[in-house]
Amino acid sequence: MAQTAGKDVEVYDLPSGWHVDQAILHDSERVVVILFGKPDEIDVMVQTEMLRKIAPDVVNFAVLYTCDNSQVKDFNKMYELYDPCTLMFFWRNKHVMIDTGTGNNNKVNFLVRNKQELIDMIEVVYRGAKKGRGLVVAVNDYSTRHEY
């Protein structure tokens, strides 16, 4: 496991609801990014790999997790986790919403395949959350990029 400035660089798995709660509560200086989805889904595999690639770049302002919501069902209703792949952001035990232009500000329920776009998205959440904002606007507008 690599370290940058004393911080671990890795994408961690959250095996239970208690672990998810602890992850959200634990870090008070970095954004907690959780990818909810079934690990054998192709979208989840692709997004997990992208998170692994960006981990060294965001270690100073974000900590990255995955959670198999087919096994850990505690949050499925609360966060409406019905999509195959869902990214959510938390800051100091609060959910931070992001406006990506898709109409769903609670979460990112589409693949972000571009490394820099994903870093930018997390950085926008970090900067906004540090200022006390519960809703931030993504750098890019994703409203026309995806078919629903």
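Before moving on, here are some points about what is shown:
- The residues of the range 99-143 that are of a type in the set (S, T, N, Q) and touching a residue at least 12 places away in the same chain (Cβ under 8 Å), listed by number, are T100, T102, N105, N106, N109, N140, S143.
- Being surrounded by 15 or more Cβ atoms within 10 Å (Cβ to Cβ), in contact with a helix residue (DSSP H, G or I) (Cβ under 6 Å, 6 or more places away or on another chain) and not aromatic (F, W, Y) holds for only one residue in T48, T86, T66, T100, and it is T66.
- Test: N140 is modelled with pLDDT under 95, within 15 Å of the chain's Cα centre (by Cα) and either surrounded by 15 or more Cβ atoms within 10 Å (Cβ to Cβ) or over 15 Å from V44 (Cα atoms) (or both): no
- Just one of (1) within 26 Å of N140 (Cβ to Cβ); (2) in a strand (DSSP E or B); (3) at pLDDT below 95 fails for F89. It is (3).
- For the range 24-63, the set of residues classified as of a type in the set (S, T, N, Q) and touching a strand residue (DSSP E or B) at 6+ places or on another chain (Cβ under 6 Å) consists of Q47, T48, listed by residue number.
- Contacts under 9 angstrom Cβ, first residue in the range 14-35 being of a type in the set (D, E, K, R) and part of a helix (DSSP H, G or I), partner surrounded by 13 or more Cβ atoms within 10 Å (Cβ to Cβ) and at pLDDT below 95, 6 or more apart: D21/D74
- Meets criteria (charged (D, E, K, R), surrounded by fewer than 17 Cβ atoms within 10 Å (Cβ to Cβ) and farther than 16 Å from N114 by Cα) for E41: yes
- Among the criteria (1) in contact with an Asp or Glu (Cβ under 9 Å, 6 or more places away or on another chain); (2) assigned to a strand (DSSP E or B), the one L111 does not fulfil is (2).
The values are calculated or read from the model by the stated rules, or taken from the named source; none is laboratory data. Model, not experiment: these values are computed from the prediction. Using ideal geometry, Cβ is built from the backbone for each residue, glycine included, and neighbour counts are taken over all protein chains shown.
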